[in-house]
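Below: the structure, in structure tokens.
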Amino acid sequence: MWPFTGSKTTSRETIRSKRAHRDDALKHAPAFSAEEHQKYLNATATQIVDNIQAKTWTASAVLGAYLARAAQAQQVTNCLTEVFFEDAKEYARKLDAEFAETGILKGPLHGVPISVKDQLNVKGYDSTIGYTQWANKPAESDAAIVATLRAAGAIIIAKTNIPQTLLAFESSNPLWGRTLNPWSTAHTAGGSSGGEGALLAADGAVLGVGTDVGGSIRIPAGYCGIYGFKPGSGRVSFAGVVGPNPGFEAVLPVAGPMGRSVADVERMTRLLLGERSGGQEHYDPAPVPYRDVTLPGKLRFGYYLNDGVVKASPACHRAVLETVEALRKAGHECVEIDPPDVTEALRLFTGITSADGYENLTRHLGPDKRESALFLVTLGPRLPGFVRAFANWIIRDFIGDTKFALLLAQSHKTSVRQYHNYVADKLRFERQTRATLWDTSPNLALDAVIAPVQAIPALPHGGCDRLAPLACSTLVYNVVNSPVGVIPVTRVDSTRDAVSDTWRNAPGNGSKLLEKEIYGPKGAYDPSAMAGLPVGVQIIGQPWGEEKVLATMHVVDAALGPRGFGPGSWAPSKQVGGAYEKV
């Protein structure tokens, strides 16, 4: 319990003040008009820039449409934190005036409305990442990514919501509240870039920037039905991106684009790879710019359905298999492979992240109430050693769940020596996994790997409290530092995706406790309640192969064909779930 009553009062005042300021800023959005605005929402970044260059559209007209929709998205999903609508209007007018005078575009994102995750510094605005103690401390300069985007003509319109501590995949915190899924307000938008996922899916911005250390770009992209791209570390600058755990570099966080089409994601990635602007010329990232690749006419894909920790749901199985079928029809080869050792990746990630007992992550909470999504993930270090050992024995020997027992055994405070052992094991695992996945022998020689984003589609609110280990499906590729894209494939169908005896009897089961929480009575997986929610897949590539992953995403997207995703696909009337309690 926070000991100072005055601090609690200040925290409540901060929450009221920050939310009121956000609400005032939102009043600067025009009222949404489908007749006036929809054509802009239906456009990709390329189409927007081309129309501005052709003088058929203006940056101000485009911006008005996205501000109107962003305000709608906020009303439905609570996705925004800091709002820059007035600054954005001023910048759009400046772009229009300069273009009218010179006829020259400022850059490849001229007039394109863009949002950024709350972690990214924007000069003159807070980067609270949900902590009340970090409020009213505006950034003195832009993050390097923000500076790069502005220089390319992008219009930064807002920052978006995140989870408390960033160590969860439900975006909820005491300062800004809970973000809801735009397709079903009864389900989460994911995290930690959940605000980005919700805003982009609702056409509230053309492109966005997220960050990812365990799936934080890919999970919201999968939950919300958009496109996301996690580069490997060292390709995109992380300067000016704040976080709760500075100095944690055993598994490096990365920043990457999120958007409504592969083409838009690629357009931003071309700007960011190797870019050292914003005062980072001699530090970060590696000076390797975007390198165009030419793919062969026939690609060889590996794929897997289950990761060995949690059996993937029928909906997520179907997304992978429909992708495989589409690629085969397009003339590509797809072979089923064994997944990497995801259980080992989860063991290492848990041991490394909990090494200080999560003290550094949680020290910023101050008077803020701890979010329930942190319950399971931080439980281990809070248990006395003998209690944790006893629970581990019961789970392993009596329940027979060796995977959950292994996870619980790693979650505790360790010595520096033990921490170094974890990191050494992580480096060995990284080398072994790379060697296995990207074996160049003729019987493998894969161009990319297709896998579920997670075992189930978007969780109902509160699901992360008990099911945090589901992030294993994505975090394995942070541990081995692979570039990964996410593509939306299909939507949950209550009939086709029901749990059947055939599915239950198929191989692939993992943790008994986790699967009971998901597929047991009143479990998290409910295809009737989830009907209409997006389901995507991961496209995994070789380290330092970001450009090939993006090119492969184009191939996969084209093979799948039109399927109800992309610019203009959302409207408030298309929500499939019920309303969630007041955020």
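The values are calculated or read from the model by the stated rules, or taken from the named source; none is laboratory data. Nothing here was measured: the structure is a model prediction, and the numbers come from that model. Backbone-built Cβ (ideal geometry, glycine too); neighbour counts: all protein chains shown. Accessible surface is based on the protein model in full, side chains and every heavy atom, while ligands, DNA and RNA are left aside. Shrake-Rupley method; radii C 1.70, N 1.55, O 1.52, S 1.80 Å.
Tallying residues that are part of a helix (DSSP H, G or I) and open to solvent by 10 Å² or more (accessible area, probe 1.4 Å) within segment 195-221 yields 0. Yes or no: segment 477-493 includes at least one residue that is basic (Lys, Arg) and either touching a helix residue (DSSP H, G or I) at 6+ places or on another chain (Cβ under 6 Å) or part of a loop (DSSP other than H, G, I, E, B) (or both). No: zero hits. Output the number of residues of segment 83-119 satisfying the condition of being part of a strand (DSSP E or B) and either of a type in the set (Gly, Ala, Ser) or under 27 Å from Trp57 (Cβ atoms) (or both). Looking only at that region, the number is 5. Filtering segment 452-476 to residues that are buried (at least 24 other Cβ atoms within 10 Å of the Cβ) and either modelled with pLDDT under 95 or not in a helix (DSSP H, G or I) (or both) leaves Pro452, Val453, Gln454, Ala455, Ile456, Pro457, Ala458, Leu459.
For segment 402-418, indicate whether the set of residues that are of a type in the set (A, V, I, L, M, F, W, C), farther than 30 Å from Ser172 by Cβ, surrounded by fewer than 19 Cβ atoms within 10 Å (Cβ to Cβ) and modelled with pLDDT under 95 is non-empty. Please lay out each step first, then the result.
Taking segment 402-418 as the starting set, the residues that turn out to be of a type in the set (A, V, I, L, M, F, W, C) are 404-409, 416.
Then drop every residue that is not farther than 30 Å from Ser172 by Cβ, which leaves 416.
Filter again for surrounded by fewer than 19 Cβ atoms within 10 Å (Cβ to Cβ), leaving 416.
If we keep only those that are modelled with pLDDT under 95 as well, we get none.
No, the conditions are met nowhere in segment 402-418.
Filtered by the rule that a residue be at negative phi and open to solvent by 10 Å² or more (accessible area, probe 1.4 Å), segment 157-168 gives Leu167, Ala168. In segment 491-505, the residue that is nearest to the chain's Cα centre (by Cα) out of those that are in contact (Cβ under 8 Å) with a residue 40 or more places away in the chain and open to solvent by 20 Å² or more (accessible area, probe 1.4 Å) is Arg491. The residues listed here are Leu63, Leu80; of these, the one that is under 18 Å from Leu149 (Cα atoms) and either touching a helix residue (DSSP H, G or I) at 6+ places or on another chain (Cβ under 9 Å) or open to solvent by less than 10 Å² (accessible area, probe 1.4 Å) (or both) is Leu63. When segment 47-56 is limited to residues that are buried (at least 16 other Cβ atoms within 10 Å of the Cβ) and in contact (Cβ under 8 Å) with a residue 24 or more places away in the chain, the one that is nearest to Glu101 (Cα to Cα) turns out to be Ile52. Take Gly532 and decide whether it is at pLDDT 95 or above, under 23 Å from Val251 (Cβ atoms), in a loop (DSSP other than H, G, I, E, B) and not polar (S, T, N, Q). Considered against the rule, which asks whether it is at pLDDT 95 or above, under 23 Å from Val251 (Cβ atoms), in a loop (DSSP other than H, G, I, E, B) and not polar (S, T, N, Q), Gly532 comes out as no.
Ala312 - would you say it is hydrophobic (A, V, I, L, M, F, W, C), over 17 Å from Ile450 (Cβ atoms) and assigned to a loop (DSSP other than H, G, I, E, B)? Before the answer, list the steps.
Details: hydrophobic (A, V, I, L, M, F, W, C): yes; over 17 Å from Ile450 (Cβ atoms): no; assigned to a loop (DSSP other than H, G, I, E, B): yes.
Judged against the criteria, Ala312 is not a match.
The lone criterion from (1) among the hydroxyl-bearing types (Ser, Thr, Tyr); (2) open to solvent by 50 Å² or more (accessible area, probe 1.4 Å); (3) modelled with pLDDT under 95 left unmet by Thr294 is number (3).
Contact annotation: no residue pair with Cβ atoms under 7 Å, 6 or more positions apart or on different chains, pairs a residue in segment 538-550 that is more than 19 Å from Arg260 (Cα to Cα) with a partner that is among the acidic types (Asp, Glu).
Considering segment 26-46, the residues that are farther than 12 Å from Ile155 by Cβ and touching an Asp or Glu at 6+ places or on another chain (Cβ under 7 Å) include one that is most open to solvent (accessible area, probe 1.4 Å), namely His28. For Leu321, are the conditions met, namely being under 21 Å from Leu437 (Cα atoms), buried (at least 21 other Cβ atoms within 10 Å of the Cβ) and either modelled with pLDDT of 95 or more or over 23 Å from the mean Cα position of the chain (by Cα) (or both)? The answer is no for Leu321.
Any chance segment 551-571 includes a residue that's open to solvent by less than 20 Å² (accessible area, probe 1.4 Å), in contact with a Phe, Trp or Tyr (Cβ under 8 Å, 6 or more places away or on another chain), more than 20 Å from Ala315 (Cα to Cα) and of a type in the set (Val, Ile, Thr)? For segment 551-571, residues open to solvent by less than 20 Å² (accessible area, probe 1.4 Å), in contact with a Phe, Trp or Tyr (Cβ under 8 Å, 6 or more places away or on another chain), more than 20 Å from Ala315 (Cα to Cα) and of a type in the set (Val, Ile, Thr): absent. Filter segment 289-314 down to the residues that are in contact with a Lys or Arg (Cβ under 8 Å, 6 or more places away or on another chain) and aliphatic (A, V, I, L, M) and list them by number. Listed by number, the residues that qualify are Val293, Leu295, Val309.
Here are Leu444, Leu383, Leu437: which of them is crowded, with 16+ Cβ neighbours inside 10 Å and closer than 29 Å to Val484 by Cβ?
On the way: Leu444 fails: crowded, with 16+ Cβ neighbours inside 10 Å; Leu383 fails: closer than 29 Å to Val484 by Cβ.
Testing whether each residue is crowded, with 16+ Cβ neighbours inside 10 Å and closer than 29 Å to Val484 by Cβ leaves just Leu437.
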